[in-house]
1. Does ILE85 qualify as being under 16 Å from LYS34 (Cα atoms) and either assigned to a helix (DSSP H, G or I) or out of contact with any Lys or Arg (no Cβ under 6 Å at 6 or more places or on another chain) (or both)?
2. Every residue in the range 62-82 that is over 12 Å from the mean Cα position of the chain (by Cα), assigned to a loop (DSSP other than H, G, I, E, B) and small (Gly, Ala, Ser), please.
3. Being at negative phi and of a type outside the set (Asp, Glu) is the requirement here; does GLY72 meet it?
4. How many residues does the range 64-84 hold that are surrounded by fewer than 19 Cβ atoms within 10 Å (Cβ to Cβ) and farther than 20 Å from ASN50 by Cβ?
5. Filter the range 28-59 down to residues that are at pLDDT 85 or above and either in a loop (DSSP other than H, G, I, E, B) or in contact with a His (Cβ under 7 Å, 6 or more places away or on another chain) (or both) and give me whichever is surrounded by the most Cβ atoms within 10 Å (Cβ to Cβ).
6. What are the pairs with Cβ atoms under 7 angstrom where one residue, in the range 55-67, is touching a residue at least 12 places away in the same chain (Cβ under 8 Å) and the other, located anywhere, is part of a loop (DSSP other than H, G, I, E, B) and surrounded by fewer than 15 Cβ atoms within 10 Å (Cβ to Cβ)? Sequence gap at least six, or different chains.
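The values are calculated or read from the model by the stated rules, or taken from the named source; none is laboratory data. From a predicted model like this one, the values you see are computed outputs, not experimental measurements. Methodologically, a virtual Cβ is constructed for each residue, glycine included, from the backbone with ideal geometry; neighbour enumeration extends over all protein chains shown.
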Amino acid sequence: MSEICSTCGLPKEICACQTIEKETTTKLKVYTTKKRFNKLVTVVEGLQGNELETGAKELKRKLACGGSVKDGVIVLQGDHLQKTIEYLVKLGYPREIIKT
C-alpha cells in the first residue's frame with residue numbers, strides 16, 4: 001500500500017499538491033530591462049523558495065545563457081522574454097498568472 005499525502009489526501013503517486021501550488025501562487029512577472037553597458041537582461045519575479053533556485057538553473061540550461069538569483073528574482077543574460085514565458089508554461093505555471 002502506498003503512502004498518503006498529508007496535504008491533499010491522495011496517494012503519493014497521484015498527489016496534486018505541486019500542481020495546485022503552482023496555480024495558486026502569486027503572480028509571476030517576466031520583463032526585460034537594460035543593465036550595465038546597455039545590455040539587455042530578462043528578469044523573472046514571483047518564484048519563491050526551492051522553485052527559485054531550481055527554476056534559475058533550468059532556465060539557464062534551457063536558454064543557454066548565464067544568469068543569477070539575487071534578492072528573490074532571477075536575472076538572465078540576454079533578451080529571452082518569449083522563450084522564458086513558454087518554458088514557464090511547460091513547467092506547469094498557467095499563462096494567466098504570468099504578466100509581462
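1. no
2. If the condition is that a residue be over 12 Å from the mean Cα position of the chain (by Cα), assigned to a loop (DSSP other than H, G, I, E, B) and small (Gly, Ala, Ser), then ALA64, GLY66, GLY78 are the ones that fit.
3. Details: at negative phi: no; of a type outside the set (Asp, Glu): yes.
For GLY72, the condition - at negative phi and of a type outside the set (Asp, Glu) - is not met.
4. Residues of the range 64-84 surrounded by fewer than 19 Cβ atoms within 10 Å (Cβ to Cβ): 64-66, 68-73, 75, 77-79, 81-83.
Restricting the remaining residues to those that are farther than 20 Å from ASN50 by Cβ gives 64-66, 77-79, 81-83.
Of the residues in that region, 9 qualify.
5. Filtering the range 28-59 for residues that are at pLDDT 85 or above and either in a loop (DSSP other than H, G, I, E, B) or in contact with a His (Cβ under 7 Å, 6 or more places away or on another chain) (or both), the one surrounded by the most Cβ atoms within 10 Å (Cβ to Cβ) comes out as THR42.
6. LYS60/GLY66
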